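Participant: Below: one structure in structure tokens.
The values are calculated or read from the model by the stated rules, or taken from the named source; none is laboratory data. Being a predicted model, the structure only gives us computed values, none of them experimental. Glycine also receives a Cβ, built like all others from the backbone with ideal geometry; neighbour counts cover every protein chain displayed.
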Amino acid sequence: MRIILFDDQARESLLPLTYTRPVADLRIGILTIAEKWSKRLDNPSYSFLTADYLQTKFSLKTDSDNVFINGSLCPDENLVAAIGTLGTGEALAKDDLLLAVRLGEAAGKTFDFTDFSAYKILNYPHEILRLVYPEDIFKHNDTELRKDFKLVTAGRQSAKISSTNTILGTDFFAEEGATAECSTFNTIEGPIYLAKNTQVWEGSHIRGSFALCEHSQVKMGAKIYGATTVGPHCRVGGEVSNSVLQAYSSKGHEGFLGNSVLGEWCNIGADTNNSNLKNNYAEVRLWDYKKQSFRKTGLQFCGLIMADHAKCGINTMFNTGTVVGVSANVFGSGYPRNFIPDFAWGGAQGFEVYALAKVFETAELVYQRRNREFDQIEKDILSKVFELTEQHRRF
């Protein structure tokens, strides 16, 4: 059985995070959505149905037996069980939302999530957890982190870590190769997970729920509060609360990051802070790419949404509910605007276009530091995003 995770209309409302990846490649909890499905269905063979320009990197593979699953859905036991009972030509739906459909090879090649009238529709009666907006990632991170913790640690025993640490509670798990010294881990309010080859440096204080994914580090004296995920190959320091770093991103210095999502290859300059609460305690609005305007979030606490390859200089001050687009470079004094377009260069004093050639130069150096190749596939994706977002750069 081939698992295919398809993008639906949520891809548009999750921009700018989904300009550079399918929805199911987003990380929430410990795992990406795709990894959750693969693990729960005990099937490593998954692929993606996404925007054409992303398919070279995130390939689509069909077979004689295919289960198309909505990539915005976070799985649970009920949903997995319901999908497992689908016969060929049967679709699982909740109201007008297609959740999953099982198709043969011929029908799989012409699948369209907007038209599932030809399938036998089975109504799904249970609640679902689905990513629709960027803030849903930090909003639901605690729930997903607890689910993933149970999923990845079930029937297993934690590796031992140094006796110089203090662990409160029992929901602590370290994979082999994880190291920590002279730090405190409080799992009373939520689980703490340290993946393989992770490091927690001296003097750090961490409250669950928290996940530190493979090859990532927490720097000395960090203060990390619950519902936080540090993705693979990341480094964090300072103060972090209810935030998710996707992968290969760094917030390595003092400063506050709260109720926020960072994409891949982001860098937060020293002493940068984001506001996650308005001075008047009012509801926070975020820029919505689909609506081309600011959208009410229903949240009182909402910080920074930063897309892949975005960077900011030292002492940057982000206002409550700021969205920073792909490959934006922010610097200078004062508060920059609440929506910083993709490939923007500048700050509160004004912006200009961050030329694609310069973007590539920086990306090549950043990739080299992590022993990765910034290849033509990555260049083509960023070139297409540059084209798609041109309308926002009217400086």
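Participant: Taking the condition of being surrounded by 24 or more Cβ atoms within 10 Å (Cβ to Cβ), on the phi > 0 side of the Ramachandran plot and not aromatic (Phe, Trp, Tyr), how many residues in region 250-283 meet it?
Facilitator: 1
Participant: Given the conditions (1) under 26 Å from Leu245 (Cβ atoms); (2) out of contact with any strand residue (DSSP E or B) (no Cβ under 7 Å at 6 or more places or on another chain), which single one is not true for Ile30?
Facilitator: It is condition (2) that Ile30 fails.
Participant: Considering only residues of region 99-140 that are in a helix (DSSP H, G or I) and modelled with pLDDT under 95, which is surrounded by the fewest Cβ atoms within 10 Å (Cβ to Cβ)? Lay out the reasoning, then the answer.
Facilitator: Let us first name the residues in region 99-140 that are in a helix (DSSP H, G or I), namely 105-109, 135-139.
Retained after the next criterion (residues that are modelled with pLDDT under 95): 105-109.
On the way: Glu105: 12, Ala106: 9, Ala107: 17, Gly108: 21, Lys109: 11.
My answer is Ala106.
Participant: Yes or no: region 109-128 includes at least one residue that is in contact (Cβ under 8 Å) with a residue 12 or more places away in the chain, among the aliphatic types (A, V, I, L, M) and either assigned by TED's automatic domain parsing to the domain that holds Leu299 or closer than 30 Å to Met306 by Cα (or both).
Facilitator: yes
Participant: OK, next. Which of the residues belonging to region 31-64 are over 21 Å from Leu129 (Cβ atoms) and in contact with a Pro (Cβ under 7 Å, 6 or more places away or on another chain)?
Facilitator: Selection gives Leu54, Phe58.
Participant: Turning to a different aspect of this structure: Looking for whichever is buried (at least 21 other Cβ atoms within 10 Å of the Cβ), within 23 Å of Ile305 (Cβ to Cβ), in contact with a Gly (Cβ under 9 Å, 6 or more places away or on another chain) and in contact (Cβ under 8 Å) with a residue 60 or more places away in the chain here; the options are Ala222, Ala247. Which one fits?
Facilitator: Numbers: Ala222 fails: in contact (Cβ under 8 Å) with a residue 60 or more places away in the chain.
It is Ala247.
Participant: Something else now. Which of the residues spanning region 327-366 are of a type in the set (Asp, Glu) and in contact with a Pro (Cβ under 8 Å, 6 or more places away or on another chain)? It would help to see each step written out before you state the result.
Facilitator: As a first pass, look at region 327-366 and keep what is of a type in the set (Asp, Glu): 342, 352, 361, 364.
Within region 327-366, Asp342 is the sole residue that qualifies.
Participant: Could you go through region 237-244 and let me know if any residue there is part of a loop (DSSP other than H, G, I, E, B) and either buried (at least 21 other Cβ atoms within 10 Å of the Cβ) or over 16 Å from the mean Cα position of the chain (by Cα) (or both). Let's see the steps before the verdict.
Facilitator: Looking only at region 237-244, we keep the residues that are part of a loop (DSSP other than H, G, I, E, B), and these are 237-238.
Within this subset, residues satisfying the condition of being either buried (at least 21 other Cβ atoms within 10 Å of the Cβ) or over 16 Å from the mean Cα position of the chain (by Cα) (or both) are 237-238.
Yes: one or more hits.
Participant: Within region 338-346, is even one residue closer than 18 Å to Leu257 by Cβ, in a loop (DSSP other than H, G, I, E, B) and over 19 Å from the mean Cα position of the chain (by Cα)? Give the steps one after another, and end with the answer.
Facilitator: Initial filter on region 338-346 (closer than 18 Å to Leu257 by Cβ): 338, 340.
Narrowing further to those that are in a loop (DSSP other than H, G, I, E, B): 338.
Filter again for over 19 Å from the mean Cα position of the chain (by Cα), leaving 338.
Looking for residues that are closer than 18 Å to Leu257 by Cβ, in a loop (DSSP other than H, G, I, E, B) and over 19 Å from the mean Cα position of the chain (by Cα), one finds at least one in region 338-346, hence yes.
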